[in-house]
Amino acid sequence: MKPLRSYLFAALAATLLPLLASCLSDNDDDVATYRALTPQEKSTILFNIAGDYSGKAYFINNEQKDDSLYINYNISSSDSVLTIADFDMKMLEQPAKIGSDAMSQIVGNAGKTQLRLVLHPYYNTSVGEGYYTFTYTNDNPTTHTYNDGETDHSIAITMASSVDISLSDGIRRYYSVGEYYKKRMQMNLVFKSLMVDGQQFDINAIVVVSASQL
């Protein structure tokens with residue numbers, strides 16, 4: 001098995017944003033040999049990655065520093081769906097400040113919700129060795145409602161295939177991609193916008209998930 005070509009499974013704690021900053025299959029060999037997965041290959045991939053996962057989600061918190069929370073999810077081989085049952089809305093509290101401090105507080109106090117993602121495995125030159133790469137779509141956008149004791153609130157999440165984030169050394173594009181190898185998986189969750197109590201605004205944020213298959 002040749003070394004992983006992406007930034008995944010590197011020193012995650014060292015920095016958040018440089019991870020997954022470009023497409024996973026971006027070298028000349030992969031472009032030249034790209035082909036569609038066969039039905040058997042896709043079935044094998046989904047069978048091997050199916051199950052329960054536990055790990056951490058890394059995000060930017062309200063103190064403008066890297067932070068993390070524990071996260072759990074399940075992958076179903078029958079429908080390619082990855083379900084995060086306990087996605088903590090606090091991960092989007094800091095990005096929601098783009099809307100306003102009031103919007104950020106509503107999002108930060110929203111508790112946990114469910115995210116359902118449809119996985120789309122794609123070919124890479126090491127797929128036969130158990131190294132799997134994939135993109136995902138959010139076919140059933142998440143809407144979360146709660147009452148803070150006085151007021152009913154609603155939050156709708158729009159995800160995207162990529163997002164541009166401005167950093168000190170320029171603008172980087174992050175993709176909704178991930179990879180799996182030897183029971184370890186890592187992926188970008190890319191968030192385009194929020195609608196909080198009927199007011200929509202772009203947040204252009206990512207959450208990096210790193211987990212192990214149980």
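Things worth noting here:
- Peptide ranges 175-188, 36-49 listed from the most packed, as the mean C-beta count within 10 angstrom indicates: 175-188, 36-49
- Across the alpha-carbon atoms of the range 56-136, the computed radius of gyration and Dmax are 16.1, 50 angstrom.
- Quotient of the Cα radius of gyration of the range 90-184 and 2.2 N^0.38 Å, N being its number of residues: 1.40.
- Accessible carbon and sulfur surface of the range 43-147 relative to its total accessible area, %, 1.4 Å: 47
- Residue pairs, from the table 112/182; 56/183; 42/182; 112/192, whose Cα atoms sit over 22 Å apart: 112/182
- Note on the range 110-166: semi-axes of the ellipsoid equivalent to its C-alpha gyration tensor, largest first and rounded to whole Å, are 35, 13, 9.
- Listed peptides 147-156, 191-200 appear in the order 191-200, 147-156 once ranked by packing, highest mean of other Cβ atoms within 10 Å at the front.
- The packing ranking, built from the mean of other Cβ atoms within 10 Å per residue, places the peptides 207-213, 121-127 in the order 207-213, 121-127, highest first.
The values are calculated or read from the model by the stated rules, or taken from the named source; none is laboratory data. Predicted model only: the values in this text are computed from it and were never measured. Note that each Cβ is placed from the backbone with ideal geometry, even for glycine, and that neighbours are counted across all protein chains shown. Note: accessible area is taken over every heavy atom of the protein model, side chains too, but ligands, DNA and RNA are not part of it. Shrake-Rupley method; radii C 1.70, N 1.55, O 1.52, S 1.80 Å.
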